[in-house]
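This report refers to the structure that appears directly beneath it.
What follows draws every value from the coordinates through simple rules; no lab data is involved. Quick caveat, the model's predicted, so the values are computed rather than measured. Heads up, the Cβs are rebuilt from the backbone with ideal geometry, glycines too, and the neighbour counts pull from every protein chain shown.
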Amino acid sequence: MKLLSRLPGVGDKTAQRYVLWLLTTEESLARDLGAELTTLRDELGPCERCGNVAELPKAGEGRALCDVCCDGKRDGKLLCVVARVHDLMAIERAGTMRGRYFVLGKLLSPLEGIGPEDLPLDRLQARIREDGVTEVIVATPPSVDGEATGLLLKRELAPLGVTVSRIASGVPHGGDLEFADPITMGRALAGRQRL
Ligand SMILES: [Zn+2]
């Protein structure tokens, strides 16, 4: 129970609820869950090319490549750069990204002592050259660190001759305009499109 409560978003009460539920639901569920967790770290790991979650190859066989990198229908010339795998998954859920991804793993953050040398810029540049990428979409979060990372990428990737764009940010779908903060509202207006 103590271990369950260490999961993100799970406190003591929720952990207790999980345990009680696992004790009363079908017996196989707790056992299957346990078996999956036991092999999780051996079976899944980062994709060699983009950093997404990938199935790890069995000893000595093939490479660890994720579903997106293996998808032949994707446009290899379009590359979306994200900070974390969570962000990649959120974009995938939207279902409109036709290119591939590159996960940075972290954002530039002077306050936390994370400088340009801590970001995998060499790997990103190599990837762009190898794949003949022509457009990079920077999909870092709309925060100070996210913006700083976007500007750094624009500067670092400029010599490669690729178009670097940034995702728009604005008011959330289904949201109320009155609750949007001033920065978000300003961006929503600046990023307006002709109807
Ligand atoms: Zn991949």
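Placing a label point 7 Å from the Cα of ASP42 along the Cα-to-Cβ direction, the residues of the stretch 62-76 with a backbone N closer than 20 Å are 62-65. Annotated for the chain: lysine pairs at least 8 residues apart or interchain, Cα distance under 25 Å, count 4.
Note on the stretch 36-114: the C-alpha convex hull projects to 7.2 nm² when averaged across all orientations.
Built from the Cα atoms of the stretch 114-195, the convex hull projects on average onto 7.2 nm², one quarter of its surface area.
Measuring nothing but alpha carbons in the chain and taking Rh as the Kirkwood radius, the Rg to Rh ratio lands at 1.04.
Close amide H pairs (under 5 Å, H built 1.01 Å from N) link CYS80 with ARG100, TYR101, PHE102, ILE137, residues at least 5 positions away or on another chain.
Counting neighbouring Cβ atoms within 10 Å and putting the fewest first, the residues ILE183, ILE114 line up as ILE183, ILE114. Evaluated at q = 0.18, 0.19, 0.29 Å⁻¹, the base-10 log of the normalised Debye intensity for the stretch 100-150, with identical point scatterers placed on the Cα atoms, takes the values -0.60, -0.67, -1.21.
Please report the spacing between the Cα centers of the stretch 96-124 and the stretch 156-182 in Å, no decimals. After rounding, the separation between the Cα centres reads 17 Å.
Of the peptides 172-181, 141-150, 16-25, the ranking by mean beta-carbon count within 10 Å, highest at the top, reads 141-150, 16-25, 172-181. Extension gain, LYS106-ARG123: 0.36 nm per intervening residue step, less the Cα-Cα distance, totals 4.7 nm.
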